[in-house]
RNA sequence: GGAGAGGUGGCUGAGUGGCUGAAAGCGGCGGUUUGCUAAACCGUUGUACGGGGUAAUGCCCGUACCCUGGGUUCGAAUCCCAGCCUCUCCGCCA
């Protein structure tokens, strides 16, 4: 059985002058051959996704690199031929032949230098080229132009004045924002007692549902090499969102998607081993750079949260990708249905789509305090975007080596979903009924009641 | 953290300057033999890029790749330097 690929091509691209070194994979990003063949398609993708790339400069660089490499290859051929010759020559004839080689060597050096100069620029630009979105993705400028495609469950009407999750959390003694801020600054919090129990209960419910469906549970590193961040597409564009441990050249992943998707990087799998379906729990770290002043209240947008994530690696087949996309969406809906929370599914528009995503469906769960649905899940499919960057391939039945397709979706993320759960399950007296599905995970607790005193 | 050993193809493992993209074995694939399986025997078996060719696949030529990067040399898996990673022993530790 073939398991590991041999091409662990991780190159250091260091701006020679200053650390930190930037890591990337030498393996292709988006397929440059496709960009050459249909530049218009990528120019359009760049426009609607709002990922600016100078394709004129990119193709120019590509052309010059290609030309230099072709000449270099020809020179190498003559060098190899001459080298074999020299081994057989003697004395004066040998001296003459060696002298001739010097000329070739000088040209080789020139070409090497040229390539060494152009290559990093080319790679840098290639890392910015977006994956073209699927035709069924609505064109739009930002999240306000996402299209609702389905609404599930009934939004609760209260016959009393409902409290928000922070008020409930304080009243019940299960959420402590001030002390979270004391320890770790803004956007931090502490879950306590039944609040922490409900947090773990939700995550465990999600894990158990996925395990029951036959998904493979992984426990993965969340402090990862930069190459993994580049490979999954979070770098370079999302670098501002990540906590970096620069001394060690590592960063904290914002989601288990990162290590789980990279799990098979630099490997060649066998088609019979596909699809691979993984589920993993991880703590997620996000700087929320650029979100200053946005969603500052409560547990909606925080620097650290816990999440159960699902990741699929499947055949390089459009239909297979579509089928798995439906599957991972349904898996997440199953968790919300078990929790009996109302939600809707939206088709995310081009402007709100990530660089690598072909299409994305967000699930938004009803949050009474926001008087709106709030994003709780994000189901994406990438086609080859991530697998090219990570070099994840498989051998198909005919023996051809192809890049896998990757997909991922939140199974559940907490505490964000606690906003919906606590607020929707609250009672007039300030207590919160524990959703039936969570009781087995909370020692049978049925209700979280206000503290005495 | 201290001391040592080592990184070669799917795996094991040979290879100390040109005839080595790489011996041998295992595994995989194809075939012969056989009532079936097994065994035996024969053949075959990396990836990427560029060029040529085809209706297309097969195919042909070239280049690169023996952890990564740099250096020495006409020529590097082989010599030198730096880095990364793995293993063993000791120490520390959830």
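Quick notes
- Per-bin percent of Cα-Cα distances, chain A [10 Å]: 4, 18, 26, 22, 14, 8, 4, 2, 1, 0, 0
- Taking the C-alpha atoms only, the angle from helix A:194-212 to the longest principal axis of chain A is near 50 degrees.
- FRET efficiency for residue A:179 and residue A:155, using Cβ-Cβ distance with R0 set to 25 Å, rounded to 0.05: 0.15
- Angle between chain A longest axis and helix A:55-88 axis [Cα atoms, degrees, rounded to 10]: 40
- In terms of the mean number of neighbouring beta-carbon atoms within 10 Å, the peptides A:341-352, A:378-389 order highest first as A:378-389, A:341-352.
- Model label points for residue A:80 and residue A:446, set 7 angstrom from Cα along the Cα-to-Cβ axis, are 7.9 nm apart.
- Evaluated over the stretch A:307-441, the Cα radius of gyration and Dmax, each in Å: 17.9, 66
- Once the C-beta distance of residue A:143 and residue A:121 is scaled by a Förster radius of 45 Å, the resulting FRET efficiency is 0.85 to the nearest 0.05.
- Principal-axis analysis of the Cα atoms of chain A puts helix A:39-48 at an angle of about 30° to the longest axis.
- Cβ crowding within 10 Å, taken as a proxy for footprinting-reagent exposure, orders A:113, A:62 from fewest neighbours to most as A:113, A:62.
- Global geometry of the stretch A:183-277, whether rounded, prolate or oblate, following the gyration tensor of its Cα atoms and the 1.5 cut on a/c: oblate
- Legend: Rg and Dmax of the stretch A:89-173, from Cα coordinates, 34.2, 104 Å.
- Ranked by how many other Cβ atoms sit within 10 Å of their own Cβ, fewest first, the residues A:300, A:425 fall in the order A:300, A:425.
- Each residue, residue A:301 and residue A:50, gets one label point 7 Å from its Cα in the Cβ direction; the gap between the two is 1.4 nm.
- The ranking of A:271, A:246 from fewest to most other beta carbons within 10 Å of each one's beta carbon is A:246, A:271.
- Simple label model, 7 Å out from Cα along Cβ direction - residue A:95 to residue A:244, nm: 5.6
- Cβ-derived FRET efficiency at R0 25 Å, residue A:170 paired with residue A:283, nearest 0.05: 0.55
- The stretch A:122-168: C-alpha gyration tensor shape, a/c 1.5 cut-off, then a/b vs b/c: prolate
- Taking all Cα pairs closer than 8 Å and separated by 6 or more residues, the relative contact order of chain A comes to 21 percent.
- Per-residue ellipticity at 222 nm, computed for chain A from helices alone with -39500 (n - 2.57) per DSSP H run of at least four residues, works out to -12000 deg cm²/dmol.
- Length added when fully stretched, residue A:33-residue A:291, from 0.36 nm per residue minus Cα-Cα: 89.2 nm
- Prolate is the label for the stretch A:62-208, because a/c, from the alpha-carbon gyration tensor with a ≥ b ≥ c as root eigenvalues, is 1.5 or above and a/b exceeds b/c.
- Convex hull volume per residue for the stretch A:234-301, taking Cα atoms only, in Å³: 136
- Our note on the geometry: Cα centres of the stretch A:162-191 and the stretch A:422-451, 17 Å apart.
Only the coordinates and a few stated rules stand behind these numbers; no lab work does. Note that the coordinates shown come from a computational prediction; the quantities given were computed from them, not determined experimentally. With ideal geometry, Cβ positions are generated from the backbone for all residues, glycine too; neighbour counts draw on all protein chains shown.
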